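Everything below concerns the one structure shown next.
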Amino acid sequence: MQALQFSATGSLDTLQLHGLAKPVPAAGEVLVEVRATGVNPSDIKNVLGLFPYTTTPRIPGRDFAGVIVEGPEELLGQAVWGGSGKGFGFYRDGCHAQYVAVPVNAVTPLPKSLTFAQAATCGVPFITAWDALERSHVKAGTRLLIIGAGAVAKAAQVLAEARGADVVMAARRADVVQSLQAQSIRAFQLSQEGQLPEQARQHFKQQAPEVIFETTGFWLAAAVNTVDTFGRVAIIAAPKDGVISLSSLNLYRRGGSIVGINSLLYSLEECAQMLKRIGEAFDAGLPAPSGFVELSLSQAVAAYQQVSAGAAEKIVLIP
């Protein structure tokens, strides 16, 4: 089979397309013929050596959609999706290949409303967003402020809207805010950190947000000063040195909580359960993903370079 593989971490130069033996599924596993697989920023960081537990040589790739071609007879030919879990693409071969072997419970039926390519864009961003909403208790009527406008932030917006939450997004760049507003998404442009509490209240009828999802890594201190009494701040990022200065006094006086979100803490099987519920949301009317670019697997190295250079559009590889 054709597969992307890196022989060492530290540089994208070690990433090459190889002809490798097709995986042989072990007991309790299925072999999936990959029809589409997403490229995530964490895939690039993986090759660059930013995850200390990665072993090489390794096939990267965390999200896939495809068809079961080996496994229990009743599952053969079933369209499925999966991925994103702990170790997948890091110390277990991932899915940037024509085939991938995974535990039978690590896949779930493909939503009827999504194509393979659309499904392949969802894994990491939607699982991360779903986990953030679940663990910060976002439900109908919850006042939710999402800081940032990347893939995870946008996934959180559509999932939270589907739950009936009161959602507002905030971004630093004016053109990004204008783009969100053009999609009928309530959004405002971030100003100074000290102005965030008043900016937020202006968009929630003079009430503070009950939950803030901080997706950028730079607004945590301001979020702590903005969230309502007994509010929750979910975070998925931090500055390069991992250090943020914030007022613990402001946090405990309002009874606030900070919730760390990391999809790599979950097994493939646990991620499949989240994807099942996300798929149900898509089939219930959640807008299908759009605005992504499809490239052949033969263009995978170039795709990694584009994402590393900051490409705005999601890239999906088609084996």
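Structure summary
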read-out	value
Criterion (within 18 Å of A155 (Cβ to Cβ), modelled with pLDDT under 95 and assigned to a helix (DSSP H, G or I)) met by exactly one of L264, L251	L264
In region 66-100, the residues that are of a type in the set (A, V, I, L, M) and farther than 14 Å from T37 by Cα	I68, V69, L75, L76
Residue list for region 282-319, filter: of a type in the set (A, V, I, L, M), surrounded by fewer than 13 Cβ atoms within 10 Å (Cβ to Cβ) and touching a helix residue (DSSP H, G or I) at 6+ places or on another chain (Cβ under 8 Å)	A284
Residue list for region 242-281, restricted to those being under 30 Å from T108 (Cα atoms) and open to solvent by 80 Å² or more (accessible area, probe 1.4 Å)	L265, E270, Q273, K276, R277, E280
Region 202-221 - residue that is in contact with a Pro (Cβ under 8 Å, 6 or more places away or on another chain) and on the phi < 0 side of the Ramachandran plot and, of those, surrounded by the fewest Cβ atoms within 10 Å (Cβ to Cβ)	F218
In region 165-188, residue most open to solvent (accessible area, probe 1.4 Å) [restricted to those that are over 15 Å from P209 (Cα atoms) and not aliphatic (A, V, I, L, M)]	R172
Which numbered condition A234 misses (of (1) crowded, with 19+ Cβ neighbours inside 10 Å; (2) assigned to a helix (DSSP H, G or I); (3) small (G, A, S))	(2)
Pairs with Cβ under 7 Å, 6+ apart, first in region 302-319 and closer than 13 Å to T121 by Cβ, second open to solvent by less than 40 Å² (accessible area, probe 1.4 Å) and part of a loop (DSSP other than H, G, I, E, B)	K314/T121; V316/T121; L317/H96
Residues satisfying the stated conditions in region 166-196, i.e. in contact (Cβ under 8 Å) with a residue 12 or more places away in the chain, under 21 Å from L220 (Cβ atoms) and not in a helix (DSSP H, G or I)	V167, V168, M169, A170, A171, R172, R173, A187, F188, Q189, L190
Test set (1) touching a helix residue (DSSP H, G or I) at 6+ places or on another chain (Cβ under 7 Å); (2) modelled with pLDDT of 95 or more; (3) surrounded by fewer than 23 Cβ atoms within 10 Å (Cβ to Cβ) - S191 fails condition number	(2)
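Here is a yes/no grid of residues against (1) under 28 Å from Q118 (Cβ atoms); (2) open to solvent by 10 Å² or more (accessible area, probe 1.4 Å); (3) touching an Asp or Glu at 6+ places or on another chain (Cβ under 9 Å); (4) part of a helix (DSSP H, G or I):
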| site | (1), (2), (3), (4) |
| --- | --- |
| I146 | yes, no, yes, no |
| A155 | yes, no, no, yes |
| A162 | yes, yes, no, yes |
| A200 | no, no, no, yes |
| V227 | no, no, yes, no |
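The values are calculated or read from the model by the stated rules, or taken from the named source; none is laboratory data. Source: prediction; values computed, not measured. Note that we place each Cβ from the backbone using ideal geometry, even for glycine, and neighbour counts take in every protein chain shown. The area values use the complete protein model at the heavy-atom level, side chains included, leaving out ligands, DNA and RNA. Shrake-Rupley method; radii C 1.70, N 1.55, O 1.52, S 1.80 Å.
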